[in-house]
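The values are calculated or read from the model by the stated rules, or taken from the named source; none is laboratory data. These figures come from a predicted structure and were not determined experimentally. Note that each Cβ is placed from the backbone with ideal geometry, even for glycine, and that neighbours are counted across all protein chains shown. Quick note on the areas: whole protein, heavy atoms, side chains included, nothing else; ligands and nucleic acids left out. Shrake-Rupley method; radii C 1.70, N 1.55, O 1.52, S 1.80 Å.
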Amino acid sequence: MITLEKVCFGYGKNETLRDVNLHIGKGDFCAIIGANGAGKSTLTRLMRGLLRPTSGRVLIDGQDIAAARPSTLAAKIGYLFQNPDRQLCRNTVREELLFTLQYAGIPADRRDALCDAALERFSLDGDGDTACMSRGERQRTALASALAAEPPLLLLDEPTTGLDYSECTAIMERIAEMNERGVTVVMVCHDMEIVLDFAKTCVVVADGQVLGEGTPADIFYNQPLLKRASLIPPQLIELASRFGGEVGRPTHAEDFAAIIREKRSQK
């Protein structure tokens, strides 16, 4: 669904991304991971068309987004900023969602129905004052706004930053539900536990380049790759790795516990 072909980008003389080639398929849940300053957020902004590459092309469904109208991109791509306060710009939740729907080019006779559906899906009060909400509620509102037009692609820049455990779980469960409905999700994330629990594929970025791609297990059990990218694996992976391959490559605590029990029963 998303293809980057030899993409380079820089701020002034500083080159942030260098010769990036990447493809993310339809229906994927892809996590982009890497250390601070690796170029992760820049990648998603290029995918959304908020930035234009210095060279190379970004394609959505085979179309170069440099030639696409902003309203066309808004209808195809939902974008969630790391900080919801940079995204929310209306006084009430309903006004926020309706504004997004209008910007995405949704006909006026469809906006109310789509707005009501998004409010129900995310358990939001349409009359709620966006300035008086908790961080988690504002993040949920921003996510509902990004998905109100039912775009086929969702780009998330650190969706769980600043959230407590319950707020984080609520947000990620909503995102997973949308992915199950067929929405392609690309998520920049610093929390490797969340990546392991929700992502289907991972892209590792370091120093403006893609170092590796694969499933979470492929990436997190590749210790040389993690070292190059200055990443620490989830605790489960780190513990399993200490067994030197004797327990395979479990990615869930239940699987790991079952393997350990079986090993003990064989003694």
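At-a-glance table
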{"item": "Table column - 3J(HN,Hα) (Hz), the stretch 198-205, Karplus curve with 6.51, -1.76, 1.60, x for Gly and Pro", "result": "10, 6, 8, 9, 10, 10, 9, 10"}
{"item": "Accessible area per residue in Å² at 1.4 Å probe, computed on the chain", "result": "49"}
{"item": "Integer Hz, Karplus 6.51/-1.76/1.60 couplings in order for the stretch 15-25, x for Gly and Pro", "result": "8, 7, 10, 10, 6, 8, 10, 7, 9, 10, x"}
{"item": "Rounded tilt (10° steps) of 93-103 against the dominant C-alpha axis of the chain", "result": "80"}
{"item": "Shape category assigned to the stretch 114-154 from the gyration tensor of Cα positions, a/c cut at 1.5", "result": "oblate"}
{"item": "Set 200/263; 13/40; 26/200; 6/76; 6/200; 13/76 screened for pairs whose C-alpha atoms are more than 21 Å apart", "result": "200/263; 6/76; 6/200; 13/76"}
{"item": "Counting DSSP beta bridges with both ends in the stretch 73-192, the antiparallel % (nearest 5)", "result": "10"}
{"item": "³J(HN,Hα), Karplus 6.51/-1.76/1.60, whole Hz, each residue of the stretch 58-63, x for Gly, Pro", "result": "10, 10, 10, 6, x, 9"}
{"item": "Relative contact order for the stretch 133-191, counting Cα pairs under 8 Å that sit 6 or more residues apart, in percent", "result": "45"}
{"item": "Percent antiparallel among DSSP beta bridges (both partners in the chain, rounded to 5)", "result": "55"}
{"item": "Cα-based shape type of the stretch 32-99, given that a ≥ b ≥ c are square roots of the gyration tensor eigenvalues and the cut on a/c is 1.5", "result": "oblate"}
{"item": "Spacing of the two label points (7 Å from each Cα toward its C-beta) at residue 83 and residue 176, in nm", "result": "3.0"}
{"item": "Under-5 Å amide H pairs with residue 78, H placed in peptide plane, nonlocal only", "result": "153, 154, 155"}
{"item": "Global geometry of the chain, whether rounded, prolate or oblate, following the gyration tensor of its Cα atoms and the 1.5 cut on a/c", "result": "oblate"}
{"item": "Mean-position separation - Cα centroids, the stretch 194-230 and the stretch 1-51, in angstrom", "result": "15"}
{"item": "Normalised contact order of the stretch 185-267, rounded percent, pairs of Cα under 8 Å and 6 or more residues apart", "result": "20"}
{"item": "Relative packing of peptides 241-249, 154-162 - highest average C-beta neighbours within 10 Å first", "result": "154-162, 241-249"}
{"item": "Computed over the chain: relative contact order in percent, which uses C-alpha pairs under 8 Å that are six or more apart", "result": "23"}
{"item": "For residue 212, residues with placed amide H under 5 Å, excluding near neighbours", "result": "204"}
{"item": "Point-charge dipole on Cβ atoms (K/R +1, D/E -1) for the chain, about Cα centre, debye to 20", "result": "840"}
{"item": "For residue 187, residues with placed amide H under 5 Å, excluding near neighbours", "result": "30, 31, 32, 156"}
